[in-house]
Amino acid sequence: MRISYGWKICILLFFSTTINYLDRHVLSILAPELQQVFQWTEMDYSYIVMAFQVSYGLGVVLSGKLLDKFGTKWIFAIGVGLWSAAGMAHAFAKGAFGFGVARFSLGLGESVNFPASVKTVAELFPPSQKAFATGFFNAGSNIGAIVAPLLIPFIAYKFGWQWAFIITGSLGFIWLFFWFITYRTPAKVDETIQLSTAKKSWKQVVLKKEVLTICLVRFISDPTWWFLLYWLPKFLNETKAVSTGSLGWPLVTVYVLADIGSLAGGYYSSYLIRKGKTVYTARKQALLTCAMIALLLCGVSLTDNLWEAVFLIGLGAAAHCGWTANIYAIITDTFPSEEVGTVMGVATLSAVSGGIVLSLLTGHILTLTGGYGSIFIIVGCTYLIGYFLLTNLIPAITQTKNTQHGL
């Protein structure tokens, strides 16, 4: 079976996202052990997490602007190279400050992945395929999260925790080889089209009502994922007595369900479009379904059973990934491809800012109460709030005609 150029690139985006999340997960998997080795407090760990989030938030704004100005090929490659080197650098950290510096560098490099990937989908796929293509590459985040709890403890116990960072960090350099031999810079848009549309400044793009609304929605809803990414292993360890060596299957279960949600959420809106729904109606219907499923997170604190909690968290993670696939698709539906990188950059900055707020809030709540119940209630309700904000502030969209190549 012949694979089209667009899907070859989408497969590469899937693997870059897998490596991105694998490198990102190493610290959270090893956190219980490293916390003992380096005597971190809860606030120390929250500051280390925040270092990544701050640089990631700053990086997405810069990378989005650079992607729109210089194109995807080299900006993406530089980002992958930076985050791979930073991932390996964790092995040489001597304390909380050293890990904070490594996390800051990792976040700066990793920030390019999603703006570059969404921009590429906008350039290569029609509206009826965008959400599914987005869900497909975004599923790599869950594959990385699935592989991490199976691979990282094995490497750490066999060779030492330092090698867990070195081995996973090296994978990005292998990916770069395939990127350079496969990727072709998209053909320029017809000159008459370019001349008829004046290029907007960065300020003109980011101050659009639609951009500000998407930023607000992501500020509210995205922190759930940051919370699961960095605090789930600690939650299982502290409340369900799951050791680092036993984290594998609970985390695998959560992220397998998340993967299914990513693909199903993207497929669902694409299916509705093929059945005759308008693009935005299809996206909104998929978002509402995901928001309702996410409410199950509110029930995590009501059960003492490990696998009941894991299943509820997994369904919440699935809802998040389906939600994200459709939010990304709305961005590519609403804005021309030459603005997608910028929009993704500022929207992701907003998402990361929300993650920083929740990370600090989590640290303080755990210090004061020692319990996760109120946190799960907060994150479970955010999607429904985000849905009502989105549909009221953006009641309709005007579709763009993004160029399509390689299909």
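The values are calculated or read from the model by the stated rules, or taken from the named source; none is laboratory data. Values in this document were obtained by computation on a predicted structure and should not be read as measured data. Here Cβ is always computed from backbone atoms with ideal geometry, including for glycine, and neighbour counts include all displayed protein chains.
At-a-glance table
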quantity	calculated
Test: residue in segment 253-261 that is of a type in the set (S, T, Y) and closer than 20 Å to S301 by Cα	yes
Any hit, segment 18-25, residues being modelled with pLDDT under 90 and over 24 Å from V343 (Cβ atoms)	yes
Answer from L349, L272, L358, L297 - the residue that is assigned to a helix (DSSP H, G or I), surrounded by fewer than 21 Cβ atoms within 10 Å (Cβ to Cβ) and touching a helix residue (DSSP H, G or I) at 6+ places or on another chain (Cβ under 9 Å)	L272
Any hit, segment 27-42, residues being farther than 17 Å from Y255 by Cβ, touching a helix residue (DSSP H, G or I) at 6+ places or on another chain (Cβ under 9 Å) and crowded, with 24+ Cβ neighbours inside 10 Å	no
Residues that are in contact with an Asp or Glu (Cβ under 8 Å, 6 or more places away or on another chain) and either buried (at least 22 other Cβ atoms within 10 Å of the Cβ) or assigned to a loop (DSSP other than H, G, I, E, B) (or both), drawn from segment 145-160	I146
Looking only at segment 378-401, and only at residues there that are in contact with a Lys or Arg (Cβ under 9 Å, 6 or more places away or on another chain) and not hydroxyl-bearing (S, T, Y), the one that is modelled with the lowest pLDDT	I397
Residues of segment 1-19 that turn out to be touching a residue at least 60 places away in the same chain (Cβ under 8 Å) and part of a loop (DSSP other than H, G, I, E, B), as a count	1
Residues located in segment 124-147, provided they are touching a His at 6+ places or on another chain (Cβ under 9 Å) and modelled with pLDDT under 85	A145
Failed item, numbered, when I174 is tested on (1) free of Cβ contacts under 8 Å to residues at least 60 places away in the same chain; (2) touching a Phe, Trp or Tyr at 6+ places or on another chain (Cβ under 9 Å)	(2)
Only one of G57, G71, G64, G81 that is out of contact with any strand residue (DSSP E or B) (no Cβ under 6 Å at 6 or more places or on another chain), within 16 Å of F114 (Cα to Cα), at pLDDT 95 or above and of a type outside the set (D, E)	G81
Sole residue being part of a helix (DSSP H, G or I), among the basic types (K, R), at pLDDT below 85 and closer than 29 Å to V346 by Cα, chosen from K234, K203	K203
Close pairs from segment 111-139: first farther than 25 Å from Q53 by Cα and in contact (Cβ under 8 Å) with a residue 40 or more places away in the chain, partner hydroxyl-bearing (S, T, Y) and part of a loop (DSSP other than H, G, I, E, B), Cβ under 7 Å, at least 6 apart	E123/T403
Unique match (being crowded, with 22+ Cβ neighbours inside 10 Å, assigned to a helix (DSSP H, G or I) and among the acidic types (D, E)) among E339, E308	E339
Pairs where the first residue, in segment 190-219, is buried (at least 16 other Cβ atoms within 10 Å of the Cβ) and the second is of a type in the set (D, E) and at pLDDT 90 or above, C-beta under 7 Å, 6+ apart	none
Selection from segment 50-73 of residues that are more than 27 Å from S359 (Cβ to Cβ) and in contact (Cβ under 8 Å) with a residue 12 or more places away in the chain	D68, G71, T72, K73
Selection within segment 1-26 - aliphatic (A, V, I, L, M) and surrounded by fewer than 22 Cβ atoms within 10 Å (Cβ to Cβ)	M1, I3, I11, L12
From I48, I75, residue being under 20 Å from E123 (Cα atoms) and among the hydrophobic types (A, V, I, L, M, F, W, C)	I75
Residues being touching a residue at least 12 places away in the same chain (Cβ under 8 Å) and under 21 Å from A241 (Cα atoms) - total across segment 20-36	10
Flag for I167 being touching a residue at least 12 places away in the same chain (Cβ under 8 Å), more than 24 Å from G266 (Cα to Cα) and of a type in the set (A, V, I, L, M)	yes
Scan of segment 361-377 for residues that are hydroxyl-bearing (S, T, Y), part of a helix (DSSP H, G or I) and either surrounded by 21 or more Cβ atoms within 10 Å (Cβ to Cβ) or modelled with pLDDT of 90 or more (or both), ordered by number	T362, S374
Selection within segment 351-360 - at pLDDT 85 or above and not β-branched (V, I, T)	A351, S353, G354, G355, L358
Filter result for the condition that a residue is more than 18 Å from N138 (Cα to Cα), surrounded by fewer than 23 Cβ atoms within 10 Å (Cβ to Cβ) and modelled with pLDDT of 90 or more, over T289, T253, T244, T239	T289
